[in-house]
1. Answer yes if at least one residue in the range 23-43 is at pLDDT 65 or above and closer than 27 Å to residue 162 by Cα, and no otherwise.
2. For residues that are surrounded by 14 or more Cβ atoms within 10 Å (Cβ to Cβ) and either touching a helix residue (DSSP H, G or I) at 6+ places or on another chain (Cβ under 8 Å) or touching a residue at least 60 places away in the same chain (Cβ under 8 Å) (or both), scanning just the range 34-43, find the one that is nearest to residue 134 (Cα to Cα).
3. Any residue in the range 46-58 that is within 16 Å of residue 175 (Cα to Cα) and assigned by TED's automatic domain parsing to the domain that holds residue 93 sitting within a Cβ distance under 6 Å of a residue that is at pLDDT 80 or above and not in a loop (DSSP other than H, G, I, E, B)? List the pairs, counting only those 6 or more apart or interchain.
4. State whether one or more residues within the range 72-90 are part of a loop (DSSP other than H, G, I, E, B) and more than 26 Å from residue 46 (Cβ to Cβ).
5. Is it true that residue 126 is outside any helix (DSSP H, G or I) and either surrounded by 24 or more Cβ atoms within 10 Å (Cβ to Cβ) or not assigned by TED's automatic domain parsing to the domain that holds residue 77 (or both)?
6. Of the conditions (1) more than 26 Å from residue 65 (Cα to Cα); (2) free of Cβ contacts under 8 Å to residues at least 40 places away in the same chain; (3) surrounded by 17 or more Cβ atoms within 10 Å (Cβ to Cβ), residue 151 clears all except one; give me its number.
7. Consider the range 164-185. How many of its residues are in a helix (DSSP H, G or I), under 21 Å from residue 79 (Cα atoms) and touching a residue at least 40 places away in the same chain (Cβ under 8 Å)?
8. Identify the residue in the range 44-62 that is surrounded by 13 or more Cβ atoms within 10 Å (Cβ to Cβ) and closer than 18 Å to residue 177 by Cβ and, among all such residues, is farthest from the chain's Cα centre (by Cα).
């Protein structure tokens with residue numbers, strides 16, 4: 001069963017992860033629903049349905065196409081399980097842009113460990129100095145830095161610019177529209 005995660009803070013430090021599926025289970029228990037597998041299943045069905053409808057916008061698809069056309073090799077390092085990310089990339093017709101997709105199914109040691117990033121670089125046949133890790137979580141910045149890459153924070157998720165900078169982001173961009181000017185340097 002896939003475990004979605006996000007970092008939690010204690011005393012200003014990132015100290016671990018909180019599994020979103022566990023939050024859903026605890027909320028269900030508070031409401032006297034104790035069928036953990038059913039709760040998780042419904043949670044991910046609803047999450048997938050919303051994600052499938054959302055999809056990437058046209059500017060994101062154009063950016064990916066332009067990057068690949070310019071010779072960049074792209075990869076994904078995600079907490080999402082292989083089956084779910086593969087299905088989502090197929091649904092959004094984005095699989096052709098990514099030559100590497102690393103999930104917890106591929107690499108048991110995961111973000112903020114550098115190992116999944118090193119695995120992706122191996123599949124992409126790039127050296128750390130040639131690579132950028134782009135992410136919206138501190139674990140992306142920490143893992144990318146530990147793997148020797150430059151890191152780009154995109155504060156559009158649960159975490160702020162300040163939190164991404166503290167985690168080691170080399171650059172902060174407000175949107176992916178700013179990415180080409182950074183990677184071209």
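1. Yes, the range 23-43 has at least one match.
2. 43
3. If the second residue must be at pLDDT 80 or above and not in a loop (DSSP other than H, G, I, E, B), no pairs are left.
4. yes
5. Considered against the rule, which asks whether it is outside any helix (DSSP H, G or I) and either surrounded by 24 or more Cβ atoms within 10 Å (Cβ to Cβ) or not assigned by TED's automatic domain parsing to the domain that holds residue 77 (or both), residue 126 comes out as no.
6. All conditions are met except number (1).
7. Going through the range 164-185 one residue at a time, the tally reaches 1.
8. Within the range 44-62, the match that is farthest from the chain's Cα centre (by Cα) is 61.
The values are calculated or read from the model by the stated rules, or taken from the named source; none is laboratory data. Since the structure is predicted, the reported quantities are computational estimates derived from the model, not experimental observations. When we count neighbours, we look across all protein chains shown, and the Cβ atoms used for this are built from the backbone with ideal geometry, even at glycine.
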